[in-house]
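Enquirer: Attaching a single structure in structure tokens format; questions to follow.
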2 protein chains.
Amino acid sequence: MEELRISPADPRGSPAKEQQAAGVGILLQIMMLVLSFVLGHVLRRHRFYYLPEASASLLIGLIVGGLANISNTETSIRAWFNFHEEFFFLFLLPPIIFQSGFSLQPKPFFSNFGAIVTFAIFGTFVASVVTGILVYLAGATYLIYKLPFVECLMFGALISATDPVTVLSIFQELGTDVNLYALVFGESVLNDAMAISLYRTMSLVRSHMSSGENFFMVVVRFLETFVGSMSAGVGVGFTSALLFKYAGLDIDNLQNLECCLFVLFPYFSYMLAEGLGLSGIVSILFTGIVMKHYSFSNLSDNSQKFASAFFHLISSLAETFVFIYMGFDIAMEQHSWSHIGFIFFSILFIGIARAANVFSCAYLVNLVRPAHRKIPMKHQKALWYSGLRGAMAFALALQSVHDLPEGHGQTIFTATTAIVVLTVLLIGGSTGTMLEKLQVVGDGLDSPLGEVSQHLPPPLLSFDSNNGGYRAPTYEGESSSGNRFKMKLKEFRNSTASFTDLDRNYLTPFFTTQNGEEDEHDELFGDSRRAGYH
Amino acid sequence: MEELRISPADPRGSPAKEQQAAGVGILLQIMMLVLSFVLGHVLRRHRFYYLPEASASLLIGLIVGGLANISNTETSIRAWFNFHEEFFFLFLLPPIIFQSGFSLQPKPFFSNFGAIVTFAIFGTFVASVVTGILVYLAGATYLIYKLPFVECLMFGALISATDPVTVLSIFQELGTDVNLYALVFGESVLNDAMAISLYRTMSLVRSHMSSGENFFMVVVRFLETFVGSMSAGVGVGFTSALLFKYAGLDIDNLQNLECCLFVLFPYFSYMLAEGLGLSGIVSILFTGIVMKHYSFSNLSDNSQKFASAFFHLISSLAETFVFIYMGFDIAMEQHSWSHIGFIFFSILFIGIARAANVFSCAYLVNLVRPAHRKIPMKHQKALWYSGLRGAMAFALALQSVHDLPEGHGQTIFTATTAIVVLTVLLIGGSTGTMLEKLQVVGDGLDSPLGEVSQHLPPPLLSFDSNNGGYRAPTYEGESSSGNRFKMKLKEFRNSTASFTDLDRNYLTPFFTTQNGEEDEHDELFGDSRRAGYH
């Protein structure tokens, strides 16, 4: 498309050549996709967990990109491999995030909702700020390349987005504790939304720079975006539920129409939010949850099967493609490797920041949880370890090259690239070993959690004894605010419990053809497990 | 994507704004899609055949585009509605054409294969040349805007591509004769491929202009392209059949992998052909036929259901979107309405050219067909009438704006636009009435054909008596060449008969898990009818 507009000077056989180049480019992409799928399948079959599918895809992209770089591929073909953030955000990300919401096991997710929201929102905020401050301090002391404070915070925000794809696939494969899975899953999905909101807000702060009401504005704007996007997503989801309940499309020869409409709704939700200047991924995530919960059961049986398979297929294609695309772009792009120090220290810093995120949030969550439901230390460690960075961080970093002045953006981009490659390959490859070391491989719903926390004394110790007192000193002085937190969080838990009642008594009967009283909550989602993981 | 690259001067909040504009643009597109589907459904339900779904989509696009034009929509949003030929050729066309091949009823298609190929290849060639010559003559006599002869032939080629979508949906709805359906279907699909090949060849001739070996070169190049593309398509199809036969992916938990690979093959075929400089649509059409015939039965049951529904869904989305997209672009684009004469005469000329195509080819076909299998006059008339022009003509015309000098391309584009809108709305709307008038509404396989042709004398008269002797005079003088034709065509028919044997005895057992001997040919395709139309 671009070339056609840019070079109208030579219109002769140009369109045909363009199209041939496009053909070769896309052909190469399809071949890499097929290779990734086949390789991933073979590796999985031989239970070789050191190279998960995502890592394999990234490697394939890197290798083919490297070869294309050496062999001087024509620029018209190369153009097909440049990672376009817009393409990523508009076409690759929506199906991935929607599938996350759609394949959600609602029970463990909602029973851990408080914890997940704490990790994703408060935790990501902490991680971003900690990373930003550390990078700024290191820069101020001339340890690494110096960036302005706002740009450090932007870097902190974008690098705090953890990737949901790789680790989760291993978790699914090995079958880990349901609650741990829900935590890792929920956190990595929601924190993408948080990170992108934070990044955009910081970017806005940077361009306006009215330093007075900065922090307040950031918080307000973020809450505005988050609540607005969530409402838009939930609203679209409920609309779709009502449509499929009353339109009478669940007869056999209208299956195609039914599926077409069902498939368009998530995308509608994403674009509605984006069009309103809100966050598309928060919106589509909640549309996914609501559509699975309510609209899905209003479909005909055939369409239900089809829709599950369709979203699964599209999201697998998008996921695999993202890693290939990223690998290829990394191999092709110009990097400024002069700032090795920056890369080294930022890896260190994100480790620290993630620790600050996970352990402080887990501490807060454990404050309010009853003894048998505390997050055990080994789950916290698993959570800390599973924070690898993926396509979201990469796409935001690529955007920062456009957003920030020459040099700054490049440094951030190179550092992010290095972090993505290292974490995907190293953490992705070692997650299996880690899970086994931490002995969290297994499948019981409550037993592992109960087993660990039963012989631990109430709140405080359960945290201190395991972690060697990280932040314990501050806790003593903050006990009153800690108590206030406790109460707030308890209230929140009560509200989620009453939400379950609300759902069973009002929402389900109103939005679905099923009668909420008749079937147990579990039965309604009986097939979510089948369609989702396992 | 483009804007990001083109305006790096103001990188501040630009990406976010770009994305918002994209959101609004895509949101609007989704809303129009949903509206089209719903409107199409309602119209179909009320048996209102004057506004088929395609016409409705085109109208929706035209209206919304007109409104957007009046209301001065921002250019960043408008950019999302410009019809990009590349987007059309690379992403919208492949699923439509693949689905055509995939939903093919092989029996009527192959039993009419000779006739279809005659109409599509020889007929389209005749139609293009006739249109080109008429336009050139009218130009030379200053009746209309004068174009060079090669450009007239280019116009003839692009305007000879008939649209498979609209008429076929009405045919399916009303349930017409199977053979007529096969003819219209086969011709409209294959002639797209022919028209695009002819257009490109003419475009090449134009840019090289070595007028000496022109005609010979055209024929050789066309045959090269056609045979090459067909072989590529068939080759990819057979490869996929063998893969799915031996890879052992038809177990339950690999359904997603199986579907991913199955879905990638058609696109692979398209891009392979394009990458080799061949015709992607010929290739993907044959891949569709082969994959349905051989690979499909190697899939697991669930994947079979899924794949049928998936391709149906994707192609419906693409089809509907094409008409919306076209409507919107027509409303937004600059047209040179100064050449009303050109438009008027070209409509006249394509009517004549289509008559030359249909009636001469039907005559040839009837020469070799036995008495009970002749193409009756009313089928010929239906075939003549159903030649409406759609997205392929539009996309090629848009390309001609780039290919041809200022003014020439514009004139062709405007004329094509007018022809597309008029034929889609008028012919599309009146096809139902026409079919009823011609009394070809019904569902028997052989009865209507038999009924009509039984009381007609052998070859010659069956043509003359109905058509009032069009081209009859020339026939007398050409009887020897006519006889040679007869023999050639008879040979061809024999070869298709022996192909059926080849298929049953060797291809089916080799490429599928089924045993060709055991099950009747019909049984193998039992579900093609279910998955396809009706």
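The values are calculated or read from the model by the stated rules, or taken from the named source; none is laboratory data. Remember, predicted model here, so these are calculated numbers, not experimental data. Because the Cβ atoms are built from the backbone with ideal geometry, glycine has one as well, and the counts that use them run over all protein chains shown. We work out accessible area using only protein heavy atoms, side chains counted, and drop any ligands, DNA or RNA first. Shrake-Rupley method; radii C 1.70, N 1.55, O 1.52, S 1.80 Å.
Enquirer: At B:Leu67, label 7 Å along Cα→Cβ: distances to the other copies, nm, ascending?
Expert: 5.1
Enquirer: From the cross-link list A:Lys245/A:Lys305; A:Lys146/B:Lys17; B:Lys292/B:Lys381; B:Lys245/B:Lys305; A:Lys107/B:Lys305; B:Lys374/B:Lys437, which pairs have alpha carbons spaced over 25 Å apart? If you can, show how the numbers build up before the last one.
Expert: Working: A:Lys245/A:Lys305 17 Å; A:Lys146/B:Lys17 29 Å; B:Lys292/B:Lys381 31 Å; B:Lys245/B:Lys305 17 Å; A:Lys107/B:Lys305 30 Å; B:Lys374/B:Lys437 21 Å.
The answer is A:Lys146/B:Lys17; B:Lys292/B:Lys381; A:Lys107/B:Lys305.
Enquirer: Ignoring ligands, DNA and RNA, how much accessible area is buried between chains A and B, both sides summed, with a 1.4 Å probe, to the nearest 100 Å²? Can you show the working numbers first?
Expert: On the way: alone 23920 and 23930 Å², together 41810 Å².
Using a 1.4 Å probe on protein heavy atoms, the buried area is about 6000 Å².
Enquirer: Using the heavy atoms of the protein chains alone and a 1.4 angstrom probe, what is the accessible area of region B:102-150 per residue in square angstrom?
Expert: Values: 1800 Å² over 49 residues.
About 37 Å² of surface per residue is accessible.
Enquirer: Moving on. When the solvent-accessible surface of protein heavy atoms is calculated with a 1.4 angstrom probe, in what order do B:His339, B:His84 fall, highest first? Can you show the working numbers first?
Expert: Details: B:His339 45, B:His84 20 Å².
Ranked from most to least accessible, the order is B:His339, B:His84.
Enquirer: For region B:239-324, just say rounded, prolate or oblate: build the C-alpha gyration tensor, square-root its eigenvalues into a ≥ b ≥ c, call rounded for a/c under 1.5, and beyond that prolate if a/b exceeds b/c, oblate if not. Before the final figure, lay out the partial values.
Expert: On the way: a/c = 2.31, a/b = 1.34, b/c = 1.72.
Verdict is oblate for region B:239-324.
Enquirer: Per residue of region B:230-246, in order, report the coupling 6.51 cos²θ - 1.76 cosθ + 1.60 (Karplus, θ = phi - 60°) as ³J(HN,Hα) in whole Hz, putting x for Gly and Pro.
Expert: Values, residue by residue: 4, 5, 4, x, 5, x, 4, x, 5, 4, 4, 4, 5, 4, 6, 6, 9 Hz.
Enquirer: Could you check the spin-label model distance between B:Lys17 and A:Leu137? Points 7 Å from the Cα along Cα→Cβ, value in nm.
Expert: In this crude spin-label approximation the distance works out to 3.9 nm.
Enquirer: Between A:Val219 and A:His372, what is 0.36 nm times their sequence separation minus the Cα-Cα distance? Round to one decimal in nm. Walk me through the numbers on the way to the answer.
Expert: Details: separation 153, 0.36 × 153 = 55.08 nm, distance 3.42 nm.
Net length gain for the segment: 51.7 nm.
Enquirer: Please list B:267-275, A:165-173 highest first by mean number of surrounding beta-carbon atoms within 10 Å per residue. Please list the in-between numbers first.
Expert: Working: B:267-275: 26.3, A:165-173: 22.7.
Output ranking for B:267-275, A:165-173: B:267-275, A:165-173.
Enquirer: For region A:353-437, rounded, prolate or oblate, judged on the Cα gyration tensor with a ≥ b ≥ c (square roots of eigenvalues), a/c < 1.5 rounded, else prolate if a/b > b/c?
Expert: Details: a/c = 4.13, a/b = 1.90, b/c = 2.18.
Verdict is oblate for region A:353-437.
Enquirer: Which peptide among A:116-125, B:74-83 comes first, and what is the full order, when sorted by highest mean count of other Cβ atoms within 10 Å? Intermediate values should be presented prior to the final figure.
Expert: Details: A:116-125: 23.7, B:74-83: 16.7.
Averaged packing, sorted descending, gives the order A:116-125, B:74-83.
Enquirer: Take every residue in peptide B:307-317, count the Cβ atoms of other chains within 10 Å of its Cβ, and give the average of those counts.
Expert: Working: counts 1, 1, 10, 6, 0, 5, 10, 3, 1, 4, 5.
Per residue, the number of nearby Cβ atoms from other chains is 4 on average.
Enquirer: Shortest first, in nm, what separates the label point of A:Phe91 from those of the same position in the other copies (7 Å along Cα→Cβ)?
Expert: The projected label point of A:Phe91 is separated from its counterparts by 0.3 nm.
Enquirer: Using a probe of 1.4 angstrom, how much of the accessible area of region A:267-314 is carbon and sulfur, in percent? Present the calculation step by step, with values, prior to reporting the outcome.
Expert: Details: 670 of 1060 Å².
Carbon and sulfur: 63 percent of the exposed surface of region A:267-314.
Enquirer: Right, here's the next one. On the protein heavy atoms, probe 1.4 angstrom, tell me the percent of accessible surface of region B:46-169 carried by carbon and sulfur.
Expert: On the way: 2980 of 4260 Å².
Carbon plus sulfur share of accessible area: 70 percent.
Enquirer: Classify region B:47-189 from the C-alpha gyration tensor, please: rounded if a/c falls under 1.5, else prolate or oblate depending on whether a/b exceeds b/c.
Expert: oblate
Enquirer: Just checking the output field for B:24-33: average partner chain Cβ neighbours within 10 Å of each residue's Cβ? Please list the in-between numbers first.
Expert: Numbers: counts 6, 3, 9, 10, 2, 3, 8, 4, 0, 5.
Whole-number average of other-chain Cβ neighbours for B:24-33 is 5.
Enquirer: Going 7 Å from Cα along the Cα-Cβ axis for the label, what nanometre distances separate A:Leu223 from the same residue across the other copies?
Expert: Between copies, matching label points for A:Leu223 lie 7.7 nm apart.
Enquirer: Could you derive backbone 3J(HN,Hα) for region A:80-85 from the dihedral phi with the Karplus parameters 6.51, -1.76 and 1.60 (θ = phi - 60°), listing whole Hz in sequence and x where the residue is Gly or Pro?
Expert: Along region A:80-85, the couplings run 6, 10, 5, 6, 8, 4 Hz.
Enquirer: Moving on. How much accessible area per residue does region B:224-291 have, counting only protein heavy atoms and a probe of 1.4 Å, in square angstrom?
Expert: On the way: 2130 Å² over 68 residues.
Per residue, region B:224-291 has 31 Å² of solvent-accessible surface.
Enquirer: Name the long-range amide H neighbours of B:Thr176: under 5 Å, sequence gap of 5 or more, or other chain; modelled H, no Pro or chain starts.
Expert: Counting only residues 5 or more places away or on other chains, the set is B:Gly442.
Enquirer: Moving on. Given a Förster radius of 60 Å and the C-beta distance between A:Met31 and A:Leu242 as r, what FRET efficiency does 1/(1 + (r/R0)^6) yield to the nearest 0.05? The partial results should precede the final answer.
Expert: Details: r = 44 Å, r/R0 = 0.73.
With R0 = 60 Å, the Cβ-Cβ based efficiency is 0.85.
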